[in-house]
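Engineer: Mind looking over this structure? Questions follow.
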Amino acid sequence: MSSSAGDLAEELRELLVRAREQGALEALQGVFRTFVEGHATPAPQAGDVPGRFGLVGDSKAMHVVFDLIERVAKSSVPVLIQGATGTGKELVARALHDHSPRAKYAFVAENCAAVPANLLESELFGHKKGSFTGAIADRDGHFVVADKGSIFLDEIGDMPLAMQSKLLRVLEENEVRPVGSNKVRKVDARVIAATHRDLAQMVEDRSFREDLYYRLNVIRIPLPPLSEREGDVAILTDFFLRKLAGEMGREVPEVTPEAQALLEGAPWPGNVRQLENEIRRSLALSRGIIDIVDLSPSLAG
Ligand SMILES: Nc1ncnc2c1ncn2[C@@H]1O[C@H](COP(=O)(O)OP(=O)(O)OP(=O)(O)O)[C@@H](O)[C@H]1O
Ligand SMILES: [Mg+2]
């Protein structure tokens, strides 16, 4: 006579209880974990990649950046990060916050180019309920949320002139007035700004306020383009290969000397982001080895 489904389920339950009591399940989990770890690409660890503050690189140009980060992270003076697209401006901003005494408080980022001019003021300084259509409740702005922490004003060169004057007031008085409110509120947020634009030129053209420029530009961290970071393409290629292969659950492929030479000689107008995307693409296309044919035809410039 065959047992019923109920009997089988009961038998299975008892077996599992006994297996757990005897530590068999844990042993099996251990074997399984060892198997998975043995077959996946381990993520690159800090320490086995040259670089600092979460930024990979070992070129002279990047050591200048590391040195600046180390010297200014601990203070609260404003920092202006200047660099072309994909050079790591956001990474530097986070590094400054993470290595400051403010690290346990908020890091709030705003992309000044992405928010419509009329909303930017309320985003940064907050608003009172009913102060404009859609303001259905009081809302704290980023400066209040970032109190005791850091506020990252990304693409500051795209901030409209009217907003620049309001920002300058906040930086001078250390207080914000939410839209629609007549009360000011003290704030203490460390300001980190970034831009790919030439702000000094914008000051000359009168599209950026000179007084705000001097206020933000207390410490300037220029980020070199990837083409000026000698030796870093090879280091970054190795880093991204291991990181991305790990994320894709694949083994790290070899790169042929021809492909490596092409990567190291490419102009990289999109800087580190372009290199990262190139490696992602080549990983997706390659069959275990990365050769010239797996790289973008446009790479040679
Ligand atoms: N030195 C570096 N080491 C490792 N990864 C980096 C480095 N620099 C940049 N990256 C990576 O490249 C990408 C672009 O970096 P990030 O967003 O910081 O650049 P950005 O200068 O802010 O670019 P954009 O001007 O386009 O906003 C991110 O995925 C970042 O993690
Ligand atoms: Mg950015």
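Quick note: the coordinates plus some simple rules give every number you see, no bench work behind them. Every value quoted in this text rests on a predicted model; they were computed, and no experiment measured them. Cβ sites come from the backbone with ideal geometry, for glycine too, and all protein chains shown count toward neighbours.
Engineer: Compute the distance in nm between two label points, each set 7 Å from the Cα along the Cα-to-Cβ direction, one at Glu210 and one at Arg281.
Structural biologist: 4.5
Engineer: Give me the one-decimal nm value for the distance between modelled label points at Asp188 and Ala114, 7 Å along each residue's Cα-to-Cβ direction.
Structural biologist: Using points 7 Å along Cα→Cβ, the separation is 3.0 nm.
Engineer: Then there's this: Determine the sum of side-chain charges near Lys166: Lys and Arg each +1, Asp and Glu each -1, restricted to other residues whose C-beta is under 10 angstrom from that of Lys166. Provide the component values of the computation, followed by the final result.
Structural biologist: Values: positive: Arg169, Arg177; negative: Glu121.
Overall, the nearby charge balance is +1.
Engineer: Oh, and also: Quick check for me: using +1 on Lys/Arg Cβ and -1 on Asp/Glu Cβ, what's the dipole size of the stretch 148-301 about its Cα centre, in debye to the nearest 20? Write out the running numbers ahead of the final one.
Structural biologist: Working: 21 positive and 25 negative charges, 221 e Å.
Using Cβ point charges on Lys, Arg, Asp and Glu, the stretch 148-301 gives about 1060 debye.
Engineer: In the neighborhood of Asp291, defined by Cβ-to-Cβ distances under 12 Å, what is the net charge if each Lys or Arg adds +1 and each Asp or Glu adds -1?
Structural biologist: Working: positive: Arg287; negative: Glu254, Glu258, Asp294.
Net of charged neighbours comes to -2.
Engineer: Here's a follow-up. Rank these for me by crowding, Leu285, Leu223, going from fewest to most other beta carbons within 10 Å. Walk me through the numbers before you get to the answer.
Structural biologist: Numbers: Leu285 13, Leu223 25.
Ranking Leu285, Leu223 by Cβ neighbours within 10 Å, fewest first, gives Leu285, Leu223.
Engineer: Continuing with the same structure: For each of Val108, Val49, count neighbouring Cβ atoms within 10 Å of the residue's Cβ, then give the residues from fewest to most. Walk me through the numbers before you get to the answer.
Structural biologist: Values: Val108 21, Val49 17.
Lowest count first: Val49, Val108.
Engineer: For the chain, which DSSP H helices look membrane-span-like by this rule: Cα extent along the axis of 15 Å or more and mean Kyte-Doolittle of at least 0.5? Before the final figure, lay out the partial values.
Structural biologist: Values: long enough: 5-21 (24 Å, -0.39); 24-39 (23 Å, 0.34); 60-72 (18 Å, 0.68); 161-173 (18 Å, 0.26); 232-247 (22 Å, 0.58); 271-285 (21 Å, -0.66).
Sorted by number, the helices that extend far enough and score high enough are 60-72, 232-247.
Engineer: Moving on to the next point. Just to confirm a number: summing +1 for Lys and Arg and -1 for Asp and Glu over residues other than Ala135 whose beta-carbon lies under 11 angstrom from that of Ala135, what do you get?
Structural biologist: Values: positive: Lys128, Lys129, Arg139; negative: Asp138.
Charge balance in the 11 Å sphere: +2.
Engineer: Let me have the relative contact order for the stretch 248-301, percent, based on Cα pairs under 8 Å that are six or more residues apart. Walk me through the intermediate numbers first.
Structural biologist: On the way: 45 pairs, mean separation 28.6, N = 54.
Normalised by residue count, the contact order of the stretch 248-301 is 53 percent.
Engineer: Order these by the 10 Å Cβ neighbour count, fewest first: Leu212, Leu167. Before the final figure, lay out each step's value.
Structural biologist: Working: Leu212 23, Leu167 26.
Ascending Cβ contact count within 10 Å gives the list Leu212, Leu167.
Engineer: Provide the FRET efficiency to the nearest 0.05 for the Ile136-Leu161 pair, computing r from the beta carbons and using R0 = 35 Å. Please report the intermediate quantities before stating the final value.
Structural biologist: Values: r = 30 Å, r/R0 = 0.84.
The value I calculate is 0.75.
Engineer: Got a sec? Charge dipole of the stretch 55-193, +1 on Cβ for Lys and Arg, -1 for Asp and Glu; which of Pro101, Pro78, Val187 is way out at the positive end?
Structural biologist: Comparing the listed Cα positions along the dipole, Val187 ranks first.
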